Amino acid sequence: MTLFKKLLTLLLLFFSLAAISMDDPWDILEDSAKASHALNYEGVFHSQSSSETNSTHVIHANIDNKEYCSLKMLDGAPNEVFCAGDLVYVISQDGLLIKKRKNQFLFPSVLPSDINQLKKNYQLSFGEKKRIADRMAQLIVLRAKDNLRFNYHIWIDEKNFLPLKLVVTDNKNKTIEQSTFTTIAFNKEFNKEFKKDIFEKNINLSKLYATKNKFVENYVSNKFWNLKDLPAGFKEVDLISRRVNGLKLLDYQLIFSDGLAYVSLFIRPIKRETEPKEGSVTIGSTNISAKYQDGYQIMSVGMVPPETVNTFSGAIEF
Amino acid sequence: MNEKISSLFDSEINNKEVDTLLSKKNKIAGVRSSMSEYQIISDVLKKNTVLPNNNLTDKIMSAIDEEPTQMGGIIKTNSANTAVVSFDIWPVLGSFAVLVVIASTAFNIEVNNVSTSQFLAKEDIPKEIINAHHAATANNMNYFIQVGDSAK
């Protein structure tokens, strides 16, 4: 083999290895998204936003490709949540509330199933490894490519890829919100007995429940608005309409996402005695922007920078 | 059919006939809109916006109230395939004026149309807005549980 051929082979080998290592963070993120749905685990995680902190005991099981979870608040009121597939049962002192889960990506299942949609808007990089809940975890940072969204720091279990910690920071690296496991165990076996023990003493899974909430309408036949100049990377993922209390009209909630961040855009008719509002405010980790247009109060709400909610409020055109 | 609806608003039919009319409201096209129009005519003739207290018209308005109303403007379209229909403008304007009167009275729309607005303060944010956002998008179980409580 000539020297030229040897060099060429080495060069090709180098580039192919480099390509694999560059793809690795995205591959890990994809494995992480799958792990959070597939793994069985039990532990306690601690959540902190600017306004409050809470601890939650969690059990997650995947039985016959269906996800079940049980969450119990350890601070404050002893509320409990059970998930079975896409149904969520919230049990509190006031009784049982059943919801259909659509866009709620609850910790640790914070990643979307389609990781590719994140590539346009976030730059991915490895950070330092550290010990979380007695397990080694690799930090992966999703840094926003623009000023329209926050940065997401996710510590992923080195062995089974479950996200163990999530920190959301703004563009000045200030922490907006975080959740982290303090204890976690993966060695529990969950089977149909678990389902019986955890669920069936609280909820009758075979029973059909009727909703009491007559104000929520799940159809919208006439979109009478246009959207222009939406913030880059956000797509409409849901549209909910509700009947307005005291008015014989509907108001609308449009939900947009870039895969990690979510923004709600509300279009609400205003009552005669109500004064319309304009401007923006911050409540905890949530920014809100309001604009008034043609008898409608437009409000956008989300854990995104103020510029993003402002752009959403100005995007409606009648 | 129109005669029966007219009689209804003049309180000249019995309860059984009212039930028959109501059952036809959703089955036969145009019955519901005719009811709204006759209601307005009846109110205007009586110069009375309060409905007569005979339970018959109350029953009809309650049934109409149960139906959500979607208000909307004209959807703009730039499609090259949009058909253009020529028409005489005055009948259209006349119909539109009637529709405005009917809509504003029949549905009692109380939408504010003022041009001035006030600066947004934290206390101006309706709690149901924040709750609705977290209920639909939360990635933090604490929000989800709290929203679940307040949504009752």
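Show log10 I(q)/I(0) for segment A:23-200 at q = 0.12, 0.13, 0.18, 0.19 Å⁻¹, two decimals, from a solvent-free Debye sum over equal Cα scatterers. Debye intensities relative to I(0), on a log10 scale: -0.59, -0.69, -1.29, -1.41. Coordinate range of the alpha-carbon atoms in segment A:216-317 per principal axis, descending: 35, 28, 24 Å.
Among the residues of A:273-280, the average count of other protein chain beta-carbon atoms within 10 Å of the residue beta-carbon is 5.
Of the peptides A:82-93, A:260-271, the order by per-residue mean of other Cβ atoms within 10 Å, starting with the highest, comes out as A:260-271, A:82-93.
Among the lysines of segment A:216-317, pairs that are 8 or more positions apart or on different chains and have alpha carbons within less than 24 Å of each other number 13. Counting, for every residue in A:299-311, the Cβ atoms of other protein chains within 10 Å of its Cβ and taking the mean gives 2. Peptide B:120-130 is shielded by partner chain Cβ atoms: per residue, an average of 6 of them sit within 10 Å of its Cβ.
Coordinate-derived values only; no laboratory data. It should be emphasised that the depicted structure is a prediction, and the values quoted were computed from it without experimental measurement. Using ideal geometry, Cβ is built from the backbone for each residue, glycine included, and neighbour counts are taken over all protein chains shown.
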